Amino acid sequence: PRRRRQVERAGGGCRLAVPFDELRYEGQRILRASAEDAEDEQRALRAVYNALTEDRTFYVSVAGARGATKERRLRLHPLARAVPQVSEKEFMDLVADIKHHGVRLPLTVFDDQVLDGRHRLAVASALSLPVRVDEFDGDEMEARGLVVSMNIHRRHLTMAQRALIVQELYLPEAEVNAKRRQEEGRANGRATRYG
C-alpha cells in the first residue's frame, strides 16, 4: 500500500498533508498514528489497570526543578492498596482527562512507595507522561491518617468499603497493642499476687 505524504509543498514552504491529531512523534520522526497504535495504547492501559492489584514496579518520569525530568521506579505502598481501586470505566475516564490535561496532582510518596495517586501513576506509566512527586515525611500512623483523609471522603465508597479500609489500616496495629496490654496486665497481676 502506498503511504500518504505527511508534508507537502505549499507556496514557498511546506504544510501538513494530514490532520495534526493523526500524527505521533517517535524518536526523531513524526509518524502518522494508526489504529494499531490506539489498540496498543488500550492494551497497555488495561495491563496497568490490572497490575494495580499486584506488587509490581511502575516506571515514570518525575518532573523536577526547572523542568528537568528523572526516571524513577515506584511501587505501591501497602497502605495504598487498602483502598479499593476505581472501576475500569472510572480509570478510562481518568485516562481521557490526563490525556487532555496531563497529570495535574502530584503523587504522594512515603518510604519510596506511592501512598496516594496510584491510578495517576499507572496512567502516567502507560502513556509515558511526567509526574510530580511530594515526599511524605511523617511516620506510619500519620501515613495511615493521610490515606484515610485522601480517600474516605473523596471517593465514592459504600459504608462497607469505608469500614473495610479503616479495618485494614488500623486493625493489625490494634491487635498488636491489645496483646501487649493483655500481657502487661498478666505480668502486673502476677507481680501483685506474689509481691
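The values are calculated or read from the model by the stated rules, or taken from the named source; none is laboratory data. Computed from a predicted structure; not experimentally measured. Backbone-built Cβ (ideal geometry, glycine too); neighbour counts: all protein chains shown. The protein model used for the area step is the full one, side chains on, heavy atoms only, and it has no ligands, DNA or RNA in it. Shrake-Rupley method; radii C 1.70, N 1.55, O 1.52, S 1.80 Å.
Listed by first and then second residue, the pairs with beta-carbon distance under 8 Å, at least 6 apart or on different chains, first residue in region 106-131 and within 15 Å of E71 (Cα to Cα) and assigned to a strand (DSSP E or B), second open to solvent by less than 30 Å² (accessible area, probe 1.4 Å) and among the acidic types (D, E), are L107/D116.
Looking across region 20-47 at every residue that is touching a strand residue (DSSP E or B) at 6+ places or on another chain (Cβ under 7 Å) and part of a helix (DSSP H, G or I), the one that is modelled with the highest pLDDT is identified as D37.
Listed here are the residues, each with its yes/no results for (1) within 16 Å of the chain's Cα centre (by Cα); (2) under 28 Å from E173 (Cβ atoms).
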position: D97; (1), (2): yes, no
position: H100; (1), (2): no, no
position: V133; (1), (2): yes, yes
position: E140; (1), (2): no, yes
position: R144; (1), (2): no, yes
position: V147; (1), (2): yes, yes
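Among the criteria (1) outside any helix (DSSP H, G or I); (2) at pLDDT below 85; (3) open to solvent by 90 Å² or more (accessible area, probe 1.4 Å), the one E71 does not fulfil is (2). Residues in region 119-128: is at least one surrounded by fewer than 16 Cβ atoms within 10 Å (Cβ to Cβ) and either more than 23 Å from E39 (Cβ to Cβ) or at pLDDT below 90 (or both)? Scanning region 119-128, I find at least one residue that is surrounded by fewer than 16 Cβ atoms within 10 Å (Cβ to Cβ) and either more than 23 Å from E39 (Cβ to Cβ) or at pLDDT below 90 (or both), so the answer is yes.
Please tell me if V147 is surrounded by 16 or more Cβ atoms within 10 Å (Cβ to Cβ), among the β-branched types (V, I, T) and at pLDDT 70 or above.
Values: surrounded by 16 or more Cβ atoms within 10 Å (Cβ to Cβ): yes; among the β-branched types (V, I, T): yes; at pLDDT 70 or above: yes.
When the stated conditions are applied, V147 passes them.
Checking L164 against (1) more than 23 Å from the chain's Cα centre (by Cα); (2) modelled with pLDDT under 75, only one condition comes out false. Which one? Tallying (1) more than 23 Å from the chain's Cα centre (by Cα); (2) modelled with pLDDT under 75, L164 fails exactly one: (1).
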